[in-house]
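The values are calculated or read from the model by the stated rules, or taken from the named source; none is laboratory data. Since the structure is predicted, the reported quantities are computational estimates derived from the model, not experimental observations. Cβ placement follows ideal geometry from the backbone for every residue including glycine, while neighbour counts extend to all protein chains displayed. When the accessible area is computed, the model is the full protein with side chains, heavy atoms only, and any ligands, DNA or RNA have been set aside. Shrake-Rupley method; radii C 1.70, N 1.55, O 1.52, S 1.80 Å.
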Amino acid sequence: MPISSNNDVAKRLFVALDVPDADSALKLAEQLAPAGVSFKVGMQLFYAAGMRIVKELQTDGRTVFVDLKLHDIPNTVAGAMKSLLRQGVQFVNVHTQGGPDMMRAAAEAARQVSEETGTPRPIVIGVTLLTSLSQAHLNQFLGVNQDVKTYVQHLARQAKDCGLDGIVCSAQEASFIRSACGPDFLLVTPGIRPTQDAAGDQSRVITPRQAIQNGADYLVVGRPVIGASNPADAARRIIDEMAEALKA
Ligand code: C5P
């Protein structure tokens, strides 16, 4: 993605609007508008406020990432995708662990809706291993005897083969995945913490600068921005750090 200004950089920052209702989301969106960021609507807000809030946030061509992490049998995921995409969702995700048929069904649903509506094909991203899960969780809870990087890279390759546009992963794994999946595969990275912030429940955290240096295309940040006393300033500090890393 060509970067020509801090405005372009700001669009690469998805602020997670993890709030309980439409009013809180719209208040935050208004505070954050001057920073020029993109928004992510996750389960908490979507289940409370639905497509209406997505549409309200998609003003002025702003990208809204609808992060519902679809995970079900292929037919159900394809149907859910079509329902979301016909209502204008442009950026959405599914779990890679739903399997190859499910990922193919999701990619095919995006292609079909794009053809049917005459709009650009929506971006479909695969969730790999949640950034709240650590090496110990992978080995002991999921029973997968691999290191996190190898496992995430494996899921990323599967996602690419099944026609997804990119994955969600920790920026700690980004450079490793980039080398396996090539320059056009989108890497969306949550688990970002400016150095002074607490990790909370995230295990695999990294700073905005390191995330960009490792090759992340989009950063997802929730609490460090929405919990700040001045969310726009907190977002601008992250954008400046991203911009510096992109210039280096
Ligand atoms: O508050 P925080 O910055 O930890 O928020 C991270 C956001 O990214 C949350 O909305 C969470 O749902 C999302 N996310 C994540 N890990 C993934 C995928 C999405 O933390 N693997």
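Around the Cα centre of segment 54-157, unit charges on the Cβ atoms of Lys, Arg, Asp and Glu (plus for the first two, minus for the last two) sum to a dipole of about 100 debye.
Excluding same-chain neighbours fewer than eight residues apart, the lysines reachable from LYS247 by a Cα-Cα span under 25 Å are LYS11. When the Cα positions of GLY227, LEU186, LEU45 are compared along the charge dipole of the chain, LEU186 comes out farthest toward the positive end, with charges on each C-beta of Lys, Arg, Asp and Glu. When the accessible area of segment 52-189 is computed with all protein chains present and a 1.4 Å probe, what percentage of it is carbon and sulfur? That share works out to 49 percent. Its Cα gyration tensor gives segment 144-248 an equivalent ellipsoid; the semi-axes, largest first and in whole Å, are 26, 15, 11.
Once the 1.4 Å probe is applied to the protein heavy atoms, the chain comes out at 45 Å² accessible per residue. When every Cα-Cα distance of segment 23-131 is counted in 5 angstrom steps from zero, the calculated P(r) takes the values 2, 12, 23, 22, 19, 13, 7, 2, 0 percent. In a reduced charge model with +1 at each Lys and Arg Cβ and -1 at each Asp and Glu Cβ, the chain shows a dipole moment near 180 debye about its Cα centre.
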